[in-house]
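Shown next, in structure tokens, is the structure this report addresses.
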Amino acid sequence: MNLFSFRAATRLVVGPGCIDQLGQLAAELGGSRILVVSDPGVVAAGHTQTGLDSLKAAGGTTTVFSDFTENPTTSQVEAGAAAAHDFQPDLIVGLGGGSSMDCAKGINFLHCCGGQMQDYRGRGTSSLPLLPAIGCPTTAGTGSETQSFALISDSETGEKLACGNPQAAFRVAILDPCLTLTQPARVAALTGIDAVSHALESHVSAAATPASQVFSREAWRLLSRQLPHVLDGEADLTVRGAVQLGAAWAGLAIENAMLGAAHALANPLTASHQIPHGQAVGLMLPHVVRFNAEAAAAGYAELAGLAELTTAPPALAIADWLDSLLDRAGLARHLSDLVPPATKVDITNLAAAAASQWTGTFNPRPCGPAELAELYRLAAS
């Protein structure tokens with residue numbers, strides 16, 4: 001067996017209604033002044049208030065930062081850090097989807113270490129201690145609750161910056177499926193496809209280990225079997241809880257194995273054409289699976305068996321299943337359906353941007369600008 005390491009820093013608290021434990025858990029971490037980071041949609045849904053009520057019942061003093069958007073930007077994180085400077089929290093809560101949790105992590109970096117988000121690109125680029133933090137996902141997709149990375153968009157270039165440090169991982173993640181009941185169907189689809197991509201790409205990543213594959217395997221099993229029910233609007237709390245847990249396991253797999261070419265290809269589409277991340281990665285993922293078929297044959301065969309996809313070869317069966325999942329989710333399978341006809345799609349520049357993405361270096365089959373350009377062409381038609 002090859003040498004490997006495994007990282008897991010987050011305690012999971014799982015089950016319907018467990019958001020009510022937020023105040024107690026914050027107190028256990030020494031939190032008395034708590035900055036709650038929640039996007040406006042989560043505030044409007046009432047979930048933020050539920051968290052605030054629990055924190056206040058446990059004696060906490062709170063304030064909310066919600067002045068950010070989907071794909072939080074560096075300037076928005078800087079505004080959050082300024083709010084943290086004024087409030088001086090001793091604990092941060094990210095309550096919402098991946099945007100809320102990533103923004104909370106970004107604020108933690110800047111509040112405790114100074115500088116700008118660009119300074120923390122990569123892993124382990126900060127040395128000062130960060131505040132303890134708790135993640136409370138209201139979607140089932142990004143896996144940010146079990147990762148030490150914050151994904152923040154550069155305000156000037158649109159590039160997604162992956163900024164990671166073991167200390168940035170949430171000390172606790174509260175997985176309450178009740179919080180996912182208010183997400184719109186399209187959000188459930190976008191985040192669910194993202195979670196599937198995390199399980200799939202991390203499992204065949206060049207950095208995958210026996211430990212990371214324990215989590216990618218279980219994430220895939222839960223998501224492949226239960227996400228279709230969510231997409232069909234048939235899911236009860238048990239099914240939603242399984243999907244939420246699958247997303248968290250996939251996040252833990254990412255933490256230890258990273259991703260692959262589908263994410264490298266997706267990020268420039270979001271930056272250049274404002275295509276939502278879940279749609280962008282879903283668009284590219286079937287093409288990447290076919291591209292990787294021989295290089296990752298054993299990993300795909302294992303996952304195909306778990307999903308009961310019996311058509312051979314397994315990689316093609318998975319890619320076809322992904323195409324059908326996109327149809328089921330109401331998401332586009334062709335780039336031409338996502339970009340206005342008058343808009344020029346510069347595949348050469350997109351491929352160059354994709355080739356510069358860190359995630360692509362973990363793809364099981366090496367891919368440079370030429371291969372990435374061909375994958376864009378396949379997705380375009």
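Some notes on this structure:
- Taking the three principal axes of the alpha carbon atoms in the stretch 11-180, the coordinate ranges are 39, 28, 26 Å, sorted in descending order.
- Counting every other Cβ atom within 10 Å of each residue's Cβ, 160, 344, 105, 56 order from fewest to most as 344, 56, 160, 105.
- Virtual spin-label span in nm between residue 181 and residue 206, 7 Å along Cα→Cβ: 4.6 nm
- For residue 138, residues with placed amide H under 5 Å, excluding near neighbours: 96, 97
- Per-residue ellipticity at 222 nm computed for the chain from its helices equals -16000 deg cm²/dmol, with DSSP H segments shorter than 4 residues left out and the rest contributing -39,500 (n - 2.57).
- Relative to the longest principal axis of the Cα atoms of the chain, the long axis of helix 98-113 makes an angle of roughly 60 degrees.
- Sequence of 74, 310 once ranked by neighbouring C-beta atoms within 10 Å, starting from the fewest: 310, 74
- Normalised Debye scattering of the stretch 12-79 at q = 0.23, 0.24 Å⁻¹ gives log10 I(q)/I(0) of -1.02, -1.06, counting only Cα atoms as equal scatterers and leaving out solvent.
- A full extension of the chain between residue 8 and residue 53 corresponds to an added length of 13.3 nm, given 0.36 nm per residue minus the alpha carbon distance.
- Between the Cα long axis of helix 210-231 and the first principal axis of the chain there is an angle of about 90°, rounded to the nearest 10.
- When the Cα positions of 338, 252, 196 are compared along the charge dipole of the stretch 185-380, 338 comes out farthest toward the positive end, with charges on each C-beta of Lys, Arg, Asp and Glu.
- Multiplying each eigenvalue of the alpha-carbon gyration tensor of the stretch 260-381 by 5 and taking the square root yields semi-axes of 24, 17, 11 Å, largest first, rounded to whole angstroms.
- Beta bridge orientation in the chain: antiparallel %, DSSP, nearest 5: 20 percent
- In this label model, residue 273 and residue 365 are separated by 2.2 nm, measuring between points 7 Å along each Cα→Cβ vector.
- Measuring nothing but how far apart in sequence close Cα pairs (under 8 Å, 6+ apart) lie, relative to its length, the chain scores a relative contact order of 15 percent.
- Projected-area average for the chain over all orientations - Cα convex hull basis, square nanometres: 17.4 nm²
- Cross-link reach list, aspartates and glutamates versus residue 56, counting only Cα pairs under 12 Å and skipping chain neighbours closer than eight places: 20
- Among beta bridges that DSSP assigns inside the stretch 60-173, antiparallel share in %, nearest 5: 35 percent
- Helix axis angle, 314-329 relative to the chain longest principal axis, alpha carbon, degrees: 60 degrees
- Unit charges on C-beta of K, R, D, E only; dipole of the chain, Debye: 440 debye
- Dipole magnitude of the stretch 185-380 about its Cα centre (Cβ charges: Lys, Arg +1; Asp, Glu -1), debye to nearest 20: 180 debye
- The stretch 157-182 and the stretch 80-139 have Cα centres separated by 10 Å.
- Mean-position separation - Cα centroids, the stretch 235-271 and the stretch 35-68, in angstrom: 25 Å
- Computed FRET value (nearest 0.05) for residue 232 with residue 128, which takes r as the C-beta separation and R₀ as 51 Å: 0.60
- Placed amide H near residue 173: partners under 5 Å, 5+ positions off or other chain: 11, 12, 13, 135
- Computed from backbone phi with θ = phi - 60° and the Karplus coefficients 6.51, -1.76 and 1.60, the 3J(HN,Hα) list for the stretch 174-180 is 9, 9, 10, x, 4, 6, 8 Hz; x is used for glycine and proline.
Rule-based calculations on the coordinates, nothing more; no lab input. Just so it is clear, the structure is predicted and the values come from calculations on it, not from any experiment. Don't worry about glycine lacking a Cβ; one is built from the backbone with ideal geometry, like all the others, and counts go over all protein chains shown.
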